[in-house]
Amino acid sequence: MWRLNKVRHKAGGHANNLEELRTKRREKERALRQARRDRQLVSKRLLLNEDEEQDTMEVTPGEQDVVTLFQNLQHGGTEKEAFLRPLSKALRNPSAQLTFIKLENSMHLLVGLLTGSDARCRLQAVRCLHELSHSTHTSVASACLPATPYLLTYLSGQSTKFTELCLYTLGNICPDSERVKERLLAQGIIPALAGCMQNHRHNLAVVEAAGFALFQLLQSKDAVQKVIPTVLASSLPSQLLSVLTPDPDFGLAPAIECAWCLHSLTSSSEDHRELLARGALRQCSSLLVSLGGAVADGNTDQGVELLVCPLLRCVGNLLSSCPADALHSQLAGVDLVVLLCELVVALIHTLPALARETAWVLNNLTAHSTESCSALLTLNLVPRLLELLPFSQGINTMVLRVLANVAHKKKEFCIQLAELGLLSALTATLKMADQDMVTLSLEVLFMLIVSSPQIAEQFVSQGGLSVLEAIQYNSDGEVRRRATYLLEQHILSEKYISMLGEYEQDRFNKFWLSFRYSAT
Amino acid sequence: MMLQPDLVQLMAMGGSQTHNGDEEEGFRGAAEQQEEGNPFTFNPQLLRLHRDHELFEDGDVFRHMYLQDLFISEAEEQPAPSISEFGCHISGCRAVFSSLDEYEHHYNSLHRHVCCSCRRSLPSARLLDIHIQEWHDSLFTILAQKQDMYLCLVEGCGQKFRTSQQRKDHLIRLHKYPPDYRFDKNRKEKGTREASREQRTDSAMEAADDVCRSEGVCEVICSVESNQLEQEESMETHASSEEAAPFEDFSASAQTPETNTERLKPKYSYRVPKTVCFGHGSVRGFRGQRGRRK
């Protein structure tokens, strides 16, 4: 079980520690980012003993001890447990891990102890395996293969601590190599996980561990073909959904793991029928509404964004598969629209990346739902969305896309949007350096102008003509075409010229005459 | 940019979904647009994001920070959102601004009152008018031989003079203008066409340089090849001696690809003749054409 409060506690240490911690975190973050870009993003977890503090990974005694301990074990008789404990500590050391697996018969011995009649030895043996599983060397994971059928068998047992260790061990080794993963799949890891989650559903620590193991399995590159169909056919989807609501006492951790599993399922595979049939969209969206409200208000448990993030992604991707007419029944009603708007506004300064994901979900919600679009207007959410238009890096383009979705539905909506300030916002967004913003702004402008003649007049009176004229010199051909089309077909016709002063009218008429003359 | 449709990971499902019965009032897809040649193509799109999508990067990184016990929920660690910049549209002008005011000021100062013929930028509509008349209007040149045509630059004064020098003296004496007032440059006297092109090139270049320095024209305008200026000025002399010259030919030759890579001339649709300066405050920019339309 992962104790976020411990992390917080550490951060409250004195200045030196804090600075070191920050530097270490930043480096780690950089490394993770690069790993993700390389499609090599994998993490392992180490379950500490209850008596251990986090971050006190002492430098353990060197390799010699491992060899000695192993030899002692081989000859140990009834005192094996006495050697197993120090062995597990020794195996925290990476080089000791490598040494150990190279010793002849070492794994055979360990497996023997794992499956022997001494329960305490079993526990210590699995702890040794767990330490080994945390190694970054793939050879170590492969060396653990002889133990896997037993680890899987034990998942249907009743001992909770033991099961937890088995789960984390399996979760750690399965992403390490194709061979390991194939073997685990063949040995039935998916039904074993399903059974385990079912049996231990009241023990949230075990549920969390099972969620982690499943998540690791779902990260493999060919998960879509090899893993996901089996998972969807099992009882795992229902179980994952049932764990989503966080337990107030235990905390967010199990829900976090299950939500990330669901995200892996929805984002890797295009087939969402199974999940939709089980009410995944409804559940995720209603949970989002209840949790997200807290985030938007600012009172959050530390780390609730770790749960909100995968929920958002599930809703976003599930929405993309949900037929428009089924949307109403699948969703938590109009509350979702409200929540998403509040969330994106609340997160823009604290977690802009998450705000961007929220805006994406809002796009998917409004794309084909007139009801959602109408709600944005009647619940006075549009002005708040307009305030987001200055923010770049994908946020303003997504928000503008949402507004475009609204405009696209009805001419009435266009008129309302213009009244609420979208038209004047566009005169600013048309000048942005981001070409996507400019293109999208032109599209929205077109929809507004075509919906009502008053809007075109308003646009001209707000000085829109000069912007469009400037855009005709833009380097992008598509952008120029759109600006020219708008000017020629919809704005520069005689009725708007009455808005210009007399001096300019005279000029304009001469211009227009000669233009027509030369165009023939 | 993340959401370009050609990204492999991004799948959009648009159009195939049934609309909610408001088809009469909404916008149809581009294919069904009533007007031909309508370039607008927006349709609401469902965006499905694959797990490896760029948009998910930050969230995934936080997830793994959490798995590795490095997660901190404190806001201090998160980066602030970035604000969009504004960018000048004029192709070749790469100016970028952090506020709308800066953008407006840039545009109004450098691109708004631009003479179509010689690309010089003037600070106001009135001075642009006067410039065009005096530099590019052949009718003006003819009339100026017989009457006072050079208008005082000070608005409201209204006095006219036979030569630009006289006007300049007037500006200095009466209105206390500095002798080197930047917006009252003389148009260099043109020799006959037989005069060496190099000379004219030089003077044209000089004029351009002066413009660059004194009139604060942006880089794009300064980079106009001397060829082009020369050709345009020779177009002037042509216009006064010939009737309705076919300018299209000249324009075409002036716009051979080799001469100018940083071309200011936009590529118009076929319906817009090249000689019409459609932008830069089109209503006013048109002024430069008046004298040619004979």
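Listing for the model above:
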| item | result |
| --- | --- |
| Residue identified as at the interface with chain B (Cβ under 10 Å from one of its Cβ atoms), of a type in the set (Val, Ile, Thr) and either out of contact with any strand residue (DSSP E or B) (no Cβ under 9 Å at 6 or more places or on another chain) or touching a residue at least 40 places away in the same chain (Cβ under 8 Å) (or both) among A:Val345, A:Val406, A:Val315 | A:Val406 |
| Evaluation of A:Val382 against (1) within 12 Å of another protein chain (Cβ to nearest Cβ); (2) out of contact with any Ser or Thr (no Cβ under 6 Å at 6 or more places or on another chain); (3) among the β-branched types (Val, Ile, Thr) (one fails), failing number | (1) |
| Residue list for the range A:177-210, restricted to those being free of Cβ contacts under 8 Å to residues at least 40 places away in the same chain and either hydrophobic (A, V, I, L, M, F, W, C) or not in a helix (DSSP H, G or I) (or both) | A:Ser177, A:Val180, A:Leu184, A:Ala186, A:Gln187, A:Gly188, A:Ile189, A:His202 |
| Single match in A:Leu389, A:Leu417, A:Leu423 (criterion: surrounded by 24 or more Cβ atoms within 10 Å (Cβ to Cβ) and either assigned to a helix (DSSP H, G or I) or at the interface with chain B (Cβ under 9 Å from one of its Cβ atoms) (or both)) | A:Leu417 |
| Filter pass, A:Thr163 being among the hydroxyl-bearing types (Ser, Thr, Tyr), crowded, with 24+ Cβ neighbours inside 10 Å and more than 22 Å from B:Met65 (Cα to Cα) | yes |
| Complete set of residues in the range A:325-368 that are under 20 Å from A:Glu274 (Cβ atoms) and of a type outside the set (S, T, N, Q) | A:Asp325, A:Ala326, A:Leu327, A:Leu331 |
| Close pairs (9 angstrom Cβ cut-off, 6 or more residues apart or separate chains): away from every other protein chain (no Cβ under 14 Å) and without any contact (Cβ under 8 Å) to a residue 60 or more places away in the chain in the range A:447-461, of a type outside the set (Ser, Thr, Tyr) and outside any helix (DSSP H, G or I) anywhere | A:Glu457/A:Met499; A:Ser461/A:Met499 |
| All positions within the range A:348-366 that are within 7 Å of chain B (Cβ to nearest Cβ), under 13 Å from A:Asn317 (Cα atoms) and of a type outside the set (S, T, N, Q) | A:Glu357, A:Trp360 |
| Selection within the range B:106-115 - in contact with a Cys (Cβ under 7 Å, 6 or more places away or on another chain) and surrounded by fewer than 22 Cβ atoms within 10 Å (Cβ to Cβ) | B:His106 |
| Count - residues of the range B:70-105 that are surrounded by fewer than 20 Cβ atoms within 10 Å (Cβ to Cβ), at pLDDT 85 or above, at the interface with another protein chain (Cβ under 10 Å from one of its Cβ atoms) and assigned to a helix (DSSP H, G or I) | 2 |
| Residue satisfying condition, being within 22 Å of A:Gly303 (Cβ to Cβ) and under 20 Å from the mean Cα position of the chain (by Cα), within set A:Ala205, A:Ala209, A:Ala223 | A:Ala209 |
| Residue in the range A:487-500 that is assigned to a helix (DSSP H, G or I) and buried (at least 22 other Cβ atoms within 10 Å of the Cβ) present | no |
| Entirely in the range A:211-280, the helices (runs of 4 or more DSSP H) that have 3 or more residues that are of a type in the set (Ser, Thr, Tyr) and crowded, with 21+ Cβ neighbours inside 10 Å | A:253-268 |
| Filter result for the condition that a residue is part of a loop (DSSP other than H, G, I, E, B) and farther than 16 Å from A:Lys226 by Cα, over A:Ser142, A:Ser156 | A:Ser156 |
| Qualifying residue in the range A:26-48 (condition: within 40 Å of the chain's Cα centre (by Cα) and at pLDDT below 85) | yes |
| Selected residue [more than 17 Å from the chain's Cα centre (by Cα) and more than 10 Å from every other protein chain (Cβ to nearest Cβ)] from A:Ala375, A:Ala324 | A:Ala375 |
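Each row is one residue, and each column tells you yes or no for (1) under 34 Å from the mean Cα position of the chain (by Cα); (2) aliphatic (A, V, I, L, M); (3) over 16 Å from A:Arg384 (Cα atoms).
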residue	(1), (2), (3)
A:Lys409	yes, no, yes
A:Ser424	no, no, no
A:Ala433	yes, yes, yes
A:Phe446	no, no, yes
A:Ile449	no, yes, yes
A:Ser452	no, no, yes
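The values are calculated or read from the model by the stated rules, or taken from the named source; none is laboratory data. Since the structure is predicted, the reported quantities are computational estimates derived from the model, not experimental observations. Positions of Cβ are backbone-derived with ideal geometry, glycine not excepted, and every protein chain shown enters the neighbour counts.
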